[in-house]
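So the structure is just underneath, and the comments pick up after that.
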């Protein structure tokens, strides 16, 4: 697991109050982890802060799983 | 001092209701940033806060100016901390009968009395969400609920504020943030002092308490809604109007 993936998982666990073993790469924040729309907005805010980037709303909408979050962060950091 | 350690942002705080709100929140222990549209106004706010022994200052904010809202809140965050309490008070009137109302008179009211409430709330609610605590208090008007001839623009904006508050209250309630409106009736301020005497007399006949309200009486309602003990009140409109309108 990459450092970014581990950090993203940590943030998801913290923000959504779920167990670490539920947070698989493909787990959907809303369908699998019980997040509501406001939770996902907050999650994106937390990611922005942790990775010191700004995620535009149209990109944020596409981030629905850990895998997608990691891919996005990789794409802006490289 | 129930608001000790909180930062409050009050728009339109130079005089009248806004000034009374700024002083009242300050007396409860909050650090208060009051905004004015001019440098002179901001200096006057700093002065009255200081002479009341309240932490904070006046800042210039023209709510209709592009980026002005973001700049002011950013300045508050760096000098003090993100606002925990936002009081959207700034407002103007451009009264006219509908048949004579110019497009500018309509636009001025929407741009000053309604749109900034959206922008300021949006700018401030992120930090409140993170803090899991926040108070947004929007000053509306009895006119937004009852209507008033000559104020279609003002009434539309003020009714809009109430609908906005209820919707936002539903969005952020789970994060410890309450969003309420305070609806003053006829209060003794510059805004009402221009009314013709005969109009005032006629108005007072509809007010069971038989007098104009004081700005401090609006401020007391705002301070109550800002207090930690009011945390179970949200999406509500608190009418302070001497019984002129009873919900």
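Just one of B:29, B:12, B:18, B:5 is under 24 Å from residue B:133 (Cα atoms), out of contact with any helix residue (DSSP H, G or I) (no Cβ under 8 Å at 6 or more places or on another chain) and touching a residue at least 40 places away in the same chain (Cβ under 8 Å); which is it?
B:18
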Given (1) more than 14 Å from chain A (Cβ to nearest Cβ); (2) within 14 Å of residue B:11 (Cβ to Cβ); (3) crowded, with 18+ Cβ neighbours inside 10 Å, number of the condition residue B:144 does not satisfy: (2)
Residue under evaluation residue A:30, criteria (1) within 13 Å of chain B (Cβ to nearest Cβ); (2) more than 10 Å from the chain's Cα centre (by Cα); (3) within 21 Å of residue B:170 (Cα to Cα), criterion not met: (1)
Of all residues in segment B:159-182 being touching a residue at least 60 places away in the same chain (Cβ under 8 Å) and touching a helix residue (DSSP H, G or I) at 6+ places or on another chain (Cβ under 9 Å), the one that is nearest to residue B:225 (Cα to Cα): B:165
Which numbered condition residue B:240 misses (of (1) out of contact with any helix residue (DSSP H, G or I) (no Cβ under 9 Å at 6 or more places or on another chain); (2) closer than 29 Å to residue B:4 by Cα; (3) more than 14 Å from every other protein chain (Cβ to nearest Cβ)): (1)
Candidates B:183, B:127, B:174, B:198 - the one that is farther than 19 Å from residue B:108 by Cβ and not in a helix (DSSP H, G or I): B:183
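Any residue at all in segment B:185-205 that is on the phi > 0 side of the Ramachandran plot and touching a strand residue (DSSP E or B) at 6+ places or on another chain (Cβ under 8 Å)? Spell out the reasoning first.
Initially, segment B:185-205 is screened for residues on the phi > 0 side of the Ramachandran plot, giving none.
Checked segment B:185-205: no residue is on the phi > 0 side of the Ramachandran plot and touching a strand residue (DSSP E or B) at 6+ places or on another chain (Cβ under 8 Å).
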Filtered residue count, segment A:1-39, keeping only those that are in contact (Cβ under 8 Å) with a residue 12 or more places away in the chain and touching a helix residue (DSSP H, G or I) at 6+ places or on another chain (Cβ under 9 Å): 23
Residue match in segment B:81-98 (condition: part of a helix (DSSP H, G or I) and either closer than 23 Å to residue B:133 by Cα or without any contact (Cβ under 8 Å) to a residue 12 or more places away in the chain (or both)): no
Count of residues meeting criterion [touching a strand residue (DSSP E or B) at 6+ places or on another chain (Cβ under 9 Å) and assigned to a loop (DSSP other than H, G, I, E, B)] in segment B:29-55: 5
Residue within segment A:59-73 that is more than 13 Å from chain B (Cβ to nearest Cβ) and in contact with a strand residue (DSSP E or B) (Cβ under 9 Å, 6 or more places away or on another chain) present: yes
Segment B:148-171 - residue that is touching a strand residue (DSSP E or B) at 6+ places or on another chain (Cβ under 7 Å) and within 14 Å of another protein chain (Cβ to nearest Cβ) and, of those, surrounded by the fewest Cβ atoms within 10 Å (Cβ to Cβ): B:169
Conditions (1) surrounded by fewer than 17 Cβ atoms within 10 Å (Cβ to Cβ); (2) assigned to a helix (DSSP H, G or I); (3) more than 14 Å from chain B (Cβ to nearest Cβ): number failed by residue A:49: (3)
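Laboratory data are not the source of any read-out in this text; all were calculated from the coordinates shown. This one's a predicted model, so the numbers in the text were calculated from it and none came from an experiment. Methodologically, a virtual Cβ is constructed for each residue, glycine included, from the backbone with ideal geometry; neighbour enumeration extends over all protein chains shown.
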